[in-house]
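One structure below.
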Amino acid sequence: MTEMKQFKKFVCSNNLLKVLSLSLLILFTACENDDNSVDEFEVKGDFVNGVFVLNQGLMNAANASVSFISDDSVAGNIFTNRNDVQILGDVLQDMVSVDTLSFLVLNKTNSVMVVNNKNFESVKEISESISNPRYALVNNGLIYVSQWGNGGELAVIDPVQLEVINTIEVGAGPEGLAMVNGELWVANCGGYGRDTIISVVDVSQGLVKEEIEVNDNPQDLVVDGNGDVWVLSTGYTEYDENWAIVMSTEAGIHKINPDTYEVEETFLPDESVYGKATRIEMAADGQSFYFGGAYGFSGVWEMAVDATELPQETFADVTPNGMTVNPDNGDLYIGIAPDYENPGIVEVYGTNGVKIATYDENIGVGPCNFIFVSE
C-alpha cells in the first residue's frame, strides 16, 4: 500500500496544541477560477497545488468545514458542497491520507469521516471504537488516532477495511503524535485532568515500551533536523467552583534525546510573557521551531534548536488557533479565530516574520490546521 505524504500540524482546539509534521502526496488535478465566490469557484476537478484549511467550528454547533486555497482563490465548504449535505460534523481536528482516501478526524462527533481524494465525496464514516478523537498519523499503511475516550488510547484504523482493528492504551488525554526512530511517541496532555508522560509505543507489538516524564500536560511534540525531540507542556491549573485559581504548575519546552529517552534541556516559558502556549511547529529546515498562542494570549515565537535561552521578541503578534509550516518554502500559515461564531482568517508569514498574505473569504469558523498538497 502506498502512503500519501502529508504535511500537517496536530493542533486544533481551544485547549490544545500538535504536533508533528508528515509529508502528503495526493494525486489531484487542478481547478482554476479567479473568483473567490463559493458558487463560482470550480471544485468539480481534483485538488492540487494548494492548501486544505481545516475549520474546527464551534463545539456543539456542528459547523466544522473544509476550505481550499489555490493561488489567490478560496473555495469554502468543500465537503458539504460535494456531498449535498448540510454538515460535515462537530469539531474537525485533523486529516491524514492513504492512497486515494482522506480521513477527517471529528472530535465531538466521535467519528472519522472518509472521503475520496479525487472529488472529496464521502465514502464512509467510521464511528465504532472511536471516542473523543484528537489527531492522526499514518505509519506503515495504518492510521493511528489519539483519543481521550476509554481512559486514553490510540485507535488503529485499517484504511482498506475502513475500521478500527486495534486499540493501544497510553496515558490520559493523548494529543500530539510523532514517529521517532520507528517508534510512535504520544504526548499525553491529561485530558480533563493531569498527566506528565510521553508514551513511546512499539508499533510492531502494539505496546508502550517507554515512558518519559516531563512537565505537566505535554501537548505536542516535533522532531528537529538533528533528530532530537521537542515537547511542549502547557502546565496544569486547578480552579475552584468560582473559577478562581487554586494552584498551577509551570509550562515547559523540553529537548529529549530519542536514543536515551533522556530530557537534556528544559526551558520554562513565563506565562505572563509567553501565555499558556499550546502550539508548536518545526521550521522547514529543522533548525528552529515556532510556539505560542491560545487562551487569549497573543504572540508566536521562533526559537533556534541550539538556543540557550527563550526568545525575547515575537515572530508574529497574532493569537494562533493553529499553525502549520509549508514544507516547500517554509512559510508559516496561521489560523485565527476572532471568536467561534464567525468566520476565521488565515495569515501567511515568510521565514523573516513578514506577513505575505491574508485570506478572509470563504474561511470557516476556527481555522486550525493546514494540509499542503501538490502533484
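Any read-out appearing in this document is the output of simple, stated calculations on the displayed coordinates, not a laboratory observation. Note that the coordinates shown come from a computational prediction; the quantities given were computed from them, not determined experimentally. Neighbour counts are summed over all protein chains in view; Cβ atoms, including those assigned to glycine, are modelled from backbone coordinates with ideal geometry.
The distance linking region 93-113 with region 191-267 is 25 Å (Cα centroid to Cα centroid, whole angstrom).
In nm, to one decimal, how far is the MET59 label point from the LEU162 one, both placed 7 Å along Cα→Cβ? That separation, rounded to one decimal, is 3.0 nm. If R0 equals 45 Å, the separation of the Cβ atoms of GLU125 and ASP317 corresponds to a calculated FRET efficiency of about 0.70.
Remark: MET113, MET247 ranked as MET247, MET113, counting other beta-carbon atoms within 10 Å and listing the fewest first. Lysine pair count for the chain (Cα-Cα distance under 15 Å; residues 8 or more apart in sequence or on different chains): 4.
Working note: 222 nm ellipticity from helices only, DSSP H runs with n ≥ 4, each -39,500 (n - 2.57), summed and divided by the residues of the chain, gives -500 deg cm²/dmol to the nearest 500. Under the combined filter of DSSP loop state and at most 15 neighbouring Cβ atoms within 10 Å, region 106-187 retains these GluC sites (Glu not before Pro): GLU121, GLU128.
First check a/c for region 163-271, with a ≥ b ≥ c the square roots of the eigenvalues of its C-alpha gyration tensor; if it is under 1.5, answer rounded, and if not, answer prolate when a/b is larger than b/c or oblate otherwise. Cα axes put region 163-271 in the oblate bin.
Need one word for region 54-111: rounded, prolate or oblate. Basis is the Cα gyration tensor (sqrt eigenvalues a ≥ b ≥ c); a/c below 1.5 gives rounded, then a/b vs b/c decides. Taking the square roots of the gyration eigenvalues as a ≥ b ≥ c, region 54-111 is oblate. Rounded, prolate or oblate: which one fits region 202-339, using the alpha carbon gyration tensor with axes a ≥ b ≥ c (rounded when a/c is under 1.5, else prolate when a/b beats b/c, else oblate)? In terms of gyration-tensor shape, oblate. Its Cα centre serving as origin, the chain has a Cβ charge dipole (Lys and Arg +1, Asp and Glu -1) of approximately 620 debye. Each of ASP331, ASP339, ASP94, ASP202 has some number of other Cβ atoms within 10 Å of its Cβ, and from fewest to most they run ASP339, ASP202, ASP331, ASP94. Estimated at 0.36 nm per residue, the fully extended path between GLU265 and THR308 surpasses their Cα-Cα distance by 14.6 nm. Using C-alpha pairs under 8 Å with a sequence gap of at least 6, the mean separation divided by the residue count of the chain gives a relative contact order of 17 percent. Gain on full extension, evaluated as 0.36 nm per residue between SER272 and ASP285 minus their Cα-Cα distance, stands at 1.7 nm.
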